[in-house]
Amino acid sequence: MDVSIFSVLGPVMIGPSSSHTAGAARLSKAAARIAGGRIKKVSFGLHGSFAKTYKGHATDKALLAGVLGLDEQDENIIRSYELADKSGLKYEFYTTDLGDVHENSVKMDFLMQDGRTVSVTGSSVGGGEIEILEKRYGSLF
């Protein structure tokens, strides 16, 4: 059986949770890269445990930080609302039921500066590890 040192020790991160903060930041950073280009607005549809505890575990701050390009160990995660506001990035959080997916899942809908829409759904599966479940690309407005 192969065991990663990260499975034993966990990621280097700003806490409090490897799933709710480190994994969330990694997930949204990956989703922003998938979207490509300049993001005008992002909507985060929080599912399961993410929906229930996102404010207490700083999942909202971590998700926003990842979209801004911050790493999970960046101390500026706690300032992500301020940084997003300064950059002009619009954002919103809402709770939703994404069906039969991991409890730490989120659907991120991006409106790009060029009018494209991109939707990425993914999960933070523990220890800072993530899975991208779905990608959808929309047309220009």
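Quick note: the coordinates plus some simple rules give every number you see, no bench work behind them. Note that the coordinates shown come from a computational prediction; the quantities given were computed from them, not determined experimentally. Heads up, the Cβs are rebuilt from the backbone with ideal geometry, glycines too, and the neighbour counts pull from every protein chain shown.
Brief remarks on what is shown
- Ordering of 104-114, 29-39, 77-87, 60-70 by packing is 60-70, 104-114, 29-39, 77-87, highest average first (other Cβ atoms within 10 Å, averaged per residue).
- For residue 98, the amide hydrogen comes within under 5 Å of the amide hydrogens of 48, counting only partners 5 or more places away or on other chains and with H modelled in the peptide plane.
- Eligible lysines near residue 55 by straight Cα distance, threshold 25 Å, same-chain separation 8 or greater: 29, 40, 41, 86, 90, 107
- Measuring how big segment 14-137 is from its alpha-carbon positions, Rg and Dmax come out at 12.7, 37 Å.
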